[in-house]
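> Mind looking over this structure? Questions follow.
The values are calculated or read from the model by the stated rules, or taken from the named source; none is laboratory data. Predicted, not measured: the structure shown is a model, and the values here were computed from it. Reconstructed Cβ throughout: ideal geometry from the backbone, glycine too, with neighbour counts over all protein chains shown.
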Amino acid sequence: MTSARRWVWGTSARRWVWGNKPLALLLGTWIAGCSMIPEYRRPELPVPAHWAQVGAVGATREANSLKWRDFFPDPRLQGLIAAAIENNRDMRIAVARVEEARALFGIARADRLPNLDLASGGTAVRTPGDLSLGGRTTISHRYDLGLSLPSFELDFWGRLKSLNEAALGGYLASVEARQALRLTLIADVANAYLTLQEMDERTVLARATVASREQTRSMVSARRSAGFASDLDYLQTDGALELARAELASLVRQRAAASNALTLLVGAEPANLPPGRSLSEQGLLADLMANMPSEVMLHRPDILAAEQRLKAANANIGVARAAFLPRISLTAGVGTASSALSNLFGAGQGAWSSQPVLRLPLFDGGRSDANVDLAEARKNIAVAEYEKTIQQMFREAADLLAAREQLAEQLHAQERAGKIQSERLRLADARYRAGVSSYLEVLDAQRDDHAAQQAVVQTRRVLLTTAAQLYKALGGGAGDAP
């Protein structure tokens, strides 16, 4: 059966077979009941079999089995994620898409079953005398009551089954797409929240810097009045203060933008949220195990969605192939009929009708053949999209796996540098007050200390964001309820 079908559906042989309609009918009878859908085979992974770097030593947590509430312990962040899942407009659209696909699948499944209708009616016909056989005007009546079977296609060649498989693939793809959007939304809310926390902490540092430099300017102004400081020292102090104020204004603006971005994702921020944690208290670690790409693929909902779309495209080839074969439909009815309403249920008033119809395509200008070529082209597109999705997943996860350990080392080094710069500033300030060095040395120490503290906050946020993105990249929370 399989080898014969492959021969029949070869490009040149297919056109020859369907150019000989009697032979086509015989072959159609021979394969009656068979599906025209090509055998589905999952494409080979278009990526290496292993990650270049498998991740942190001692990592024990698997992302797919780790629920998002366990991975993100900050209670305020948890409340924001839950609100986003409930209120985000993109998420609502995705849920509606699932309902739409479920309804389309229900319609396709219903087409495989016969429909029964209860029909009743009555007619009255007046025939003029010059048209009747007896030369007299007559009035005739007819009353009917019964069950009718509208046109029902006998699915010998699997056309309706193929349509059902395609609709099922579309429905399952929408379900997986919803899960993919949900996982992306969780990661995006976490990233927006962490960015807002970063802006808050950097703003606090900037405000402290402004206050410190205001005090320093007052001190230098007093020293200048007493003749212990020069005008140059005062101008340097005043310039440093204005730069700190400019940075503070920029951070306030960035914080407002981060807050607006988070509000857009959440939709409507719930009231009475618990207080959040600082970046250093998040407890969000990228200690996730990196399984082989093939194992990750089984959990990533965007990859599963792409595969379901591929299966739907494969099923549509079966629909296009079945168009070459005869279509048999049946219309029937059974009930009672009478010329008098009072005798409708009398003895001998049973009536029935049957109308089988066979439609055999003879000539359509090549439309059916073009539909097969179209379905095959769309399947090739779906294969390429599936492989592209896998390649994007592989790159995303590989980048994050390569970054997480280096970011942790970078943060550790910057924290040490921050402590060193703070000690340097303390010594430089003491030397200036003692008249041993110029204010330029203090100014340089202030700038380096401020930059070091800001860099610590920035790197800590990047490390946390990497953890959130890695959770998404490895198919985090695959077992979570939608």
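> Can you tell which of Thr195, Thr216 is modelled with pLDDT of 90 or more and of a type in the set (S, T, N, Q)? Spell out the reasoning first.
Details: Thr216 fails: modelled with pLDDT of 90 or more.
Answer to the selection: Thr195.
> While we're on this one: From the residues in segment 399-435 that are within 26 Å of Ala208 (Cβ to Cβ) and either at pLDDT below 85 or of a type in the set (Asp, Glu) (or both), which one is surrounded by the most Cβ atoms within 10 Å (Cβ to Cβ)?
To start, the set of residues in segment 399-435 that are within 26 Å of Ala208 (Cβ to Cβ) comprises 407, 410-434.
Narrowing the set further to residues that are either at pLDDT below 85 or of a type in the set (Asp, Glu) (or both) leaves 415, 423, 429, 432-434.
On the way: Glu415: 17, Glu423: 12, Asp429: 18, Tyr432: 23, Arg433: 13, Ala434: 8.
Filtering segment 399-435 for residues that are within 26 Å of Ala208 (Cβ to Cβ) and either at pLDDT below 85 or of a type in the set (Asp, Glu) (or both), the one surrounded by the most Cβ atoms within 10 Å (Cβ to Cβ) comes out as Tyr432.
> Which residue out of Ser338, Ser294, Ser329, Ser354 is surrounded by fewer than 14 Cβ atoms within 10 Å (Cβ to Cβ) and modelled with pLDDT of 75 or more? Before you say what the answer is, go through the steps one by one.
Working: Ser338 fails: surrounded by fewer than 14 Cβ atoms within 10 Å (Cβ to Cβ); Ser294 fails: modelled with pLDDT of 75 or more; Ser329 fails: surrounded by fewer than 14 Cβ atoms within 10 Å (Cβ to Cβ).
Exactly one residue qualifies, and that residue is Ser354.
> Moving on to the next point. Before we move on, is Gly129 touching a helix residue (DSSP H, G or I) at 6+ places or on another chain (Cβ under 8 Å), assigned by TED's automatic domain parsing to the domain that holds Ala351 and not β-branched (Val, Ile, Thr)?
On the way: touching a helix residue (DSSP H, G or I) at 6+ places or on another chain (Cβ under 8 Å): no; assigned by TED's automatic domain parsing to the domain that holds Ala351: yes; not β-branched (Val, Ile, Thr): yes.
Against the criterion (touching a helix residue (DSSP H, G or I) at 6+ places or on another chain (Cβ under 8 Å), assigned by TED's automatic domain parsing to the domain that holds Ala351 and not β-branched (Val, Ile, Thr)), Gly129 does not qualify.
> Keeping to segment 367-392, report how many residues are among the aliphatic types (A, V, I, L, M) and touching a Pro at 6+ places or on another chain (Cβ under 8 Å). Full working, then the answer.
Our first condition is that a residue be among the aliphatic types (A, V, I, L, M); within segment 367-392, this holds for 370, 372, 374-375, 377, 381-384, 390.
Subset that is touching a Pro at 6+ places or on another chain (Cβ under 8 Å): 383, 390.
Looking only at that region, the number is 2.
> Report yes if Leu288 is under 28 Å from the mean Cα position of the chain (by Cα) and touching a residue at least 40 places away in the same chain (Cβ under 8 Å), otherwise no.
Details: under 28 Å from the mean Cα position of the chain (by Cα): yes; touching a residue at least 40 places away in the same chain (Cβ under 8 Å): yes.
Answer is yes for this residue.
> Also: Of all residues in segment 341-393, which are touching a residue at least 24 places away in the same chain (Cβ under 8 Å), in a helix (DSSP H, G or I) and small (Gly, Ala, Ser)?
Ser368, Ala375, Ala382
> Yes or no: Ser250 buried (at least 21 other Cβ atoms within 10 Å of the Cβ) and either at pLDDT below 90 or of a type in the set (Ser, Thr, Tyr) (or both)? I'd like the intermediate steps shown before the answer.
Values: buried (at least 21 other Cβ atoms within 10 Å of the Cβ): no; either at pLDDT below 90 or of a type in the set (Ser, Thr, Tyr) (or both): yes.
Answer is no for this residue.
> Only residues that are part of a loop (DSSP other than H, G, I, E, B) and in contact with a Leu (Cβ under 9 Å, 6 or more places away or on another chain): list them for segment 116-132, please.
Our first condition is that a residue be part of a loop (DSSP other than H, G, I, E, B); within segment 116-132, this holds for 116, 128-132.
Listed by number, the list holds a single entry, Leu116.
> To continue, here is another question. Show the residue pairs meeting these rules: Cβ distance below 6 Å; 6+ apart or different chains; first residue within segment 201-227 and closer than 23 Å to Gln254 by Cα; second residue of a type in the set (Gly, Ala, Ser) and at pLDDT 85 or above.
Matching pairs, first to second residue: Thr209/Ala244; Val210/Ala244; Arg213/Ala240; Arg213/Ala244.
> Next up: How many of the residues making up segment 239-282 are under 29 Å from the mean Cα position of the chain (by Cα), in a helix (DSSP H, G or I) and among the aliphatic types (A, V, I, L, M)?
So the answer is 9.
> Moving to a separate point now. Only one of these is within 19 Å of Thr466 (Cα to Cα), out of contact with any Leu (no Cβ under 9 Å at 6 or more places or on another chain) and among the basic types (Lys, Arg): Arg426, Arg395. Name it.
On the way: Arg426 fails: within 19 Å of Thr466 (Cα to Cα).
None of the others qualify; the one that does is Arg395.
> Taking segment 136-159 only, how many residues are buried (at least 20 other Cβ atoms within 10 Å of the Cβ) and closer than 17 Å to Arg109 by Cβ?
2
> For segment 133-143, check the following and say yes or no: at least one residue is in the same structural domain as Gly333 (by TED's automatic domain parsing), touching a Phe, Trp or Tyr at 6+ places or on another chain (Cβ under 9 Å) and not in a helix (DSSP H, G or I).
Of segment 133-143, the ones in the same structural domain as Gly333 (by TED's automatic domain parsing) are 133-143.
Within this subset, residues satisfying the condition of being touching a Phe, Trp or Tyr at 6+ places or on another chain (Cβ under 9 Å) are none.
Scanning segment 133-143 turns up no residue that is in the same structural domain as Gly333 (by TED's automatic domain parsing), touching a Phe, Trp or Tyr at 6+ places or on another chain (Cβ under 9 Å) and not in a helix (DSSP H, G or I).
> From the list Leu265, Leu288, which residue is crowded, with 17+ Cβ neighbours inside 10 Å, within 30 Å of Ser65 (Cβ to Cβ) and touching a strand residue (DSSP E or B) at 6+ places or on another chain (Cβ under 8 Å)?
Working: Leu265 fails: touching a strand residue (DSSP E or B) at 6+ places or on another chain (Cβ under 8 Å).
On inspection, the qualifying residue turns out to be Leu288.
> On to the next question. Within segment 206-237, track down each residue that is of a type in the set (D, E, K, R) and loosely packed, with under 14 Cβ neighbours inside 10 Å.
Going through segment 206-237, the residues of a type in the set (D, E, K, R) turn out to be 207, 213-214, 217, 223-224, 231, 233.
Passing the criteria: only Asp231.
> Give me a count of the residues in segment 408-450 that are within 20 Å of Arg202 (Cβ to Cβ) and touching a residue at least 60 places away in the same chain (Cβ under 8 Å).
The number of residues fulfilling the criteria is 3.
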